[in-house]
1. Give me the dipole magnitude in Debye, nearest 20, for the stretch 198-355 about the Cα centre, with unit charges on the beta carbon: positive for Lys and Arg, negative for Asp and Glu.
2. Ignoring ligands, DNA and RNA, what percent of the accessible area of the chain is carbon or sulfur (1.4 Å)?
3. Please report, in debye to the nearest 20, how large the charge dipole of the chain is about its Cα centre when each Lys and Arg carries +1 at its beta carbon and each Asp and Glu carries -1 there.
4. Based on the alpha-carbon gyration tensor of the stretch 125-257 and its eigenvalue square roots a ≥ b ≥ c, which shape applies: rounded if a/c is under 1.5, prolate if not and a/b is larger than b/c, or oblate?
5. At 222 nm, what helix-only mean residue ellipticity would the chain give, in deg cm²/dmol to the nearest 500, using -39500 (n - 2.57) for each DSSP H run of four or more?
6. Using the crude model of +1 on Lys and Arg Cβ and -1 on Asp and Glu Cβ, and no other charge, please compute the dipole size for the stretch 112-177 relative to its Cα centre, in debye to 20.
7. Below 10 angstrom from the Cβ of S267, what's the summed charge of the other residues (Lys, Arg +1; Asp, Glu -1)?
8. Can you tell me how the chain classifies by the Cα gyration tensor, rounded, prolate or oblate, using a/c under 1.5 as the rounded cut?
Amino acid sequence: MAVTTPTSEFDIVILGASGFTGKHVLKEALKFLTNFNSIAIAGRDTSKLAQTLNWAARPNPPPPIPILAADTADAASLRALCDRARILLNCVGPFRRHGAPVVAACVAAGCDYLDITGETEFMERMEREHHAQAVKNGALVVSACGFDSVPAEMGFLFHSRQWVGPARPNRVEAYLSLESERRIVGNFGTFESAVMAVKDLNEIEQSRVNRVKPKIPGPPPKGEIIEHQKKIGLWGVTLPSADATLVGRTLSTLTESPDGLPGLDESEEMVEKRKTFWSSVKPAHFGVKLGSKSLLHMFGFIMIGIFIGVLGRFSLGRWLLLKYPSIFTFGGFSKNGPSEEEIASASFKMWFVGHGFSNEGEGQKKADMEIITRVMGPEMGYVTTPIILVQCALILHTQRKNLPKGGVYTPGIVFGATDLQERLQQNGISFHVVSKTSLST
C-alpha cells in the first residue's frame, strides 16, 4: 500500500506554475518559503518555469527552487513527480481536460492533492473514481481550494454558526458582488470552463453521486431568478456555480458524520475542537447569486448566461464562444486576462442573507429571523485564490495528523474545523456579522 511519508523529497510541488493563475500561486508561496522545508515547481516547459520564478521573486533574486519537467499527458512523468511530493498543488486547467491523470497519479502515490477548479463534473467524477483508493492509500484529494469554493464554503459555515440556541436557518442566499476602480476582465480559462460545463450538464445529472440529505426546518424555498435585497443594496441573478454543490456535499457528509471526519492521529484537544465546531453548524438550503447595484447589469448577466446556455450545447456554438469570448460577454472575458493594474484594483464581497426560525422547536412555519454576514477580500482569481490555496497547503503541511487519512472531499469538511478562517483573516480575507433581525410574521 502506497502512503505519503515525511521523507518525501518536497513538501509541496506546484504543477502548472507558469500558467495564468499558477504564477500568482508561486508568488504567494514564496512569501511562506521558510514555512516549508522544500518547494518545487513543475510543468511542461522548464525554461518558461524559470522565467516565471524570476517574475514571482522580483525584486529579489529567485530562490534556488528545483524546476521539474512533468506533463499531464505523460502518466509516467506525473507518477514520478508525485512519488517525490507530499502535497501537490495543481494549477493546470481546464481540469476536465487535464486534471484526471494528475489526481490518479497522486492517489496511486499516496500524495495529498489540492487544486483550484470550479468544474462540478470533474469534481464529481474524481470522487466516484478515486475516493475508495484514496482512503486506502492515504491520499487526501481536495478540489476547489480557491475562490471556487472556499469563500462560499467557509462563509456558509461562518454564517450557519451565528444561528445559536434553538434558532435554525431555512435558507441562505449568497450574493457575490465584484468591485473595481477599473473594468474587470475575467480569465479565458474560467470562461472556457463555464462553456464546457454546459456540454457536461446531462452527464452531470446522470452521474451524480447519491447523497444523504440533511434535515432542514421549514419548506424548501421558492427560487427566483432575479431578487432584490434592499438591506445590502443589491440585485441578484442566480449564478450556476460549484459553490452550492460543494456546500451541499459538505452538509451531506456532515449528516452522515455529525462530528466531522476524524483525523489521522488527532490529539484529544483537536477531537474536542472538531466536535464542538461541527455541533454548531446548522444545515440550510443554499444558493448563490451574482449581485450588482444596477438592474441593467442584471440583464447583461442574463444575456451572457443565455449565450453560454444556448450556444454551449452544440460544437459550432462552443467554437464561436471560445473564439470570440469578448464579444459574447460584452468585454467581460478576454484571452489576455486582466492586467496587473486591473488585478490590484479589484475586490469582492460575498453577502450571506439567511432566513429562518428563532425557535425551531415551536414548530414555526414562517421565517421570523434574518441574519446577514459577509466575506470580503481582494481580487478573486489571482489574489484571493492563491492566498487560499497556499493557506490550505500550510494547514496540510503543519496539521496533517488532524486531517482525514485520505479520500476525496470538499474544502469545507476537511478545513472547516481547522484554523483556516483565522489564517484567511490574517491574509486579507475577512468575515463579518452584519446584522441579526427579527422579522414580522
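The values are calculated or read from the model by the stated rules, or taken from the named source; none is laboratory data. In this text, all values refer to a predicted model and were calculated from it rather than measured experimentally. Neighbour counts run over all protein chains shown; Cβ positions are idealised from the backbone, glycine included. With ligands, DNA and RNA removed, areas are computed over all heavy atoms of the protein, side chains included. Shrake-Rupley method; radii C 1.70, N 1.55, O 1.52, S 1.80 Å.
1. Values: 20 positive and 16 negative charges, 153 e Å.
Charge dipole of the stretch 198-355: 740 debye, to the nearest 20.
2. Details: 10410 of 19340 Å².
Summing carbon and sulfur atoms, their accessible area is 54 percent of the total for the chain.
3. Working: 47 positive and 43 negative charges, 136 e Å.
Dipole about the Cα centre, nearest 20: 660 debye.
4. Numbers: a/c = 1.68, a/b = 1.12, b/c = 1.50.
Since a/c reaches 1.5 but b/c is at least a/b, the shape of the stretch 125-257 is classed as oblate.
5. On the way: 17 runs with 181 residues, N = 441.
Taken over the chain, the calculation gives -12500 deg cm²/dmol.
6. Working: 6 positive and 10 negative charges, 87 e Å.
Its charge dipole is roughly 420 debye.
7. Numbers: positive: K273, K401; negative: D265, E266, E268, E269, E272.
Taking every other residue near S267 into account, the sum is -3.
8. Values: a/c = 1.61, a/b = 1.21, b/c = 1.33.
Taking the square roots of the gyration eigenvalues as a ≥ b ≥ c, the chain is oblate.
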